[in-house]
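The values are calculated or read from the model by the stated rules, or taken from the named source; none is laboratory data. Note that the coordinates shown come from a computational prediction; the quantities given were computed from them, not determined experimentally. Please note: Cβ atoms are built from the backbone with ideal geometry, for glycine as well, and neighbour counts cover all protein chains shown.
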Amino acid sequence: MSAKIIDGKAVSSRIRSRLKEDVDALRGQGVIPRLAVVLAGGDPASATYVRMKNKACARLGMDSVQVDLPADVGEGELLARLQGLNSDAAVHGILVQLPLPRHIDQLRVLSAIDPSKDVDSFHPSNVGRLLIGDPLFVPCTPLGICVLLRESGIDVEGKDVVIVGRSTIVGRPLMALLMQKKKGYNATVTICHTGTADMASHTRRAEILVVAAGRPMTVTADMVAEGAVVVDVGVNRVDDPASSKGYRLVGDVDFEGVREVASAITPVPGGVGPMTIAMLMNNTIKAAKMACGMTIED
Ligand code: GUN
């Protein structure tokens with residue numbers, strides 16, 4: 001058997017068309033959704049992500065402003081810039097690209113973002129709201145994974161979902177989202193992490209396996225149940241002299257091996273990545289609607 005390839009590019013493109021209609025309607029009322037992206041330091045992967053986010057805004061007719069800060073920026077300066085964005089009524093969404101330089105306290109910075117503009121949903125108040133089942137925003141990658149599964153006709157309700165990785169960006173919020181007592185969610189969730197004694201014993205039980213470990217070849221074919229759905233969240237640069245860039249992108253899953261066992265699998269690139277960006281646009285439009293007092297339907 002060879003798995004069906006879940007096409008995140010195609011699904012995200014459909015979603016962006018719907019979002020474009022929302023943006024057009026807002027523009028008709030004189031509101032242009034605006035995202036501010038803060039990038040501290042020159043990490044090449046982060047700079048690429050930020051470029052993609054700005055481009056996605058432009059394609060939908062949204063505004064974006066980029067705040068570039070040097071790698072040695074002081075925490076006080078960064079916090080002051082966030083205060084400025086918080087009090088700027090023309091800015092609806094604020095995102096601080098992670099990782100931050102090591103001398104900066106990430107939690108203090110994320111806590112300084114106005115929760116109603118926190119389109120990444122990393123502010124502790126928004127993290128807590130998701131955990132109690134009353135989310136204001138849902139983090140972009142977990143939301144993108146749920147929407148991708150739903151749009152691909154894969155129901156998570158009552159399923160055994162195993163997540164590899166307990167990061168605050170993917171694993172933990174995805175757990176909270178999937179276990180919500182709500183139609184279309186209600187999954188039974190297990191999280192594996194670096195302290196898990198026998199990871200394969202868990203992953204082999206998964207009907208849906210989500211891998212967000214940040215390491216290539218974390219999951220191989222022998223760790224996957226026949227017919228499982230596999231979602232690969234990894235984005236890893238590996239050296240490739242044959243490529244013009246000198247590297248290529250691979251996920252956390254042994255794609256060639258696992259596609260022979262799974263019933264469906266997301267590719268890297270072209271799987272979860274485009275969904276993350278579409279959900280960032282979705283959250284920014286939601287923030288703009290909230291700012292002008294419009295009711296939001298989820
Ligand atoms: N770095 C890796 N993923 C993300 C993300 O979703 N948001 C931000 N701000 N930084 C990231």
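Residue 98 passes all but one of (1) under 17 Å from the mean Cα position of the chain (by Cα); (2) surrounded by fewer than 14 Cβ atoms within 10 Å (Cβ to Cβ); which number fails?
(2)
When you scan segment 184-298 for strands (runs of 3 or more DSSP E) that lie fully inside it, which ones turn up with 1 or more residues that are within 16 Å of the ligand (Cβ to nearest atom), of a type in the set (Lys, Arg) and touching a residue at least 12 places away in the same chain (Cβ under 8 Å)?
In segment 184-298, 236-239 are the strands (runs of 3 or more DSSP E) which contain 1 or more residues that are within 16 Å of the ligand (Cβ to nearest atom), of a type in the set (Lys, Arg) and touching a residue at least 12 places away in the same chain (Cβ under 8 Å).
Condition test on residue 144, is it modelled with pLDDT of 95 or more, more than 13 Å from the ligand (Cβ to nearest atom) and outside any strand (DSSP E or B)?
So residue 144 does not fit the description; no.
Step by step: first the residues of segment 171-215, then only those that are β-branched (Val, Ile, Thr) and in contact with a strand residue (DSSP E or B) (Cβ under 8 Å, 6 or more places away or on another chain), then the one that is nearest to residue 229 (Cα to Cα). Which residue is that?
Among residues in segment 171-215 that are β-branched (Val, Ile, Thr) and in contact with a strand residue (DSSP E or B) (Cβ under 8 Å, 6 or more places away or on another chain), the one nearest to residue 229 (Cα to Cα) is 208.
So which of 283, 236 ends up being polar (S, T, N, Q) and either within 14 Å of the chain's Cα centre (by Cα) or over 30 Å from residue 117 (Cα atoms) (or both)?
283
Considering only segment 217-242, state which residues are closer than 10 Å to residue 254 by Cα, surrounded by fewer than 22 Cβ atoms within 10 Å (Cβ to Cβ) and out of contact with any helix residue (DSSP H, G or I) (no Cβ under 8 Å at 6 or more places or on another chain).
217
Taking into account only those residues within segment 118-139 that are more than 19 Å from residue 182 (Cα to Cα) and either more than 16 Å from the ligand (Cβ to nearest atom) or under 14 Å from the mean Cα position of the chain (by Cα) (or both), which is surrounded by the most Cβ atoms within 10 Å (Cβ to Cβ)?
119
Assess whether residue 197 counts as being exposed (fewer than 14 other Cβ atoms within 10 Å of the Cβ) and farther than 23 Å from residue 157 by Cα.
Yes; evaluated as a whole, the condition is true for this residue.
Identify, please: which residue in segment 33-76 is over 22 Å from the mean Cα position of the chain (by Cα) and surrounded by 14 or more Cβ atoms within 10 Å (Cβ to Cβ) and is, among those, nearest to residue 112 (Cα to Cα)?
Ranking the qualifying residues of segment 33-76, first place goes to 75.
Exactly one condition in (1) assigned to a loop (DSSP other than H, G, I, E, B); (2) within 15 Å of the ligand (Cβ to nearest atom); (3) closer than 27 Å to residue 252 by Cβ; (4) in contact with a strand residue (DSSP E or B) (Cβ under 9 Å, 6 or more places away or on another chain) is not met by residue 156; state its number.
(2)
State the number of residues belonging to segment 1-31 that are over 15 Å from residue 279 (Cα atoms), touching a residue at least 40 places away in the same chain (Cβ under 8 Å) and of a type in the set (A, V, I, L, M).
Total satisfying the criteria: 6.
For segment 11-32, enumerate the residues that are surrounded by 13 or more Cβ atoms within 10 Å (Cβ to Cβ), small (Gly, Ala, Ser) and under 20 Å from the mean Cα position of the chain (by Cα).
Correct list: 12 only.
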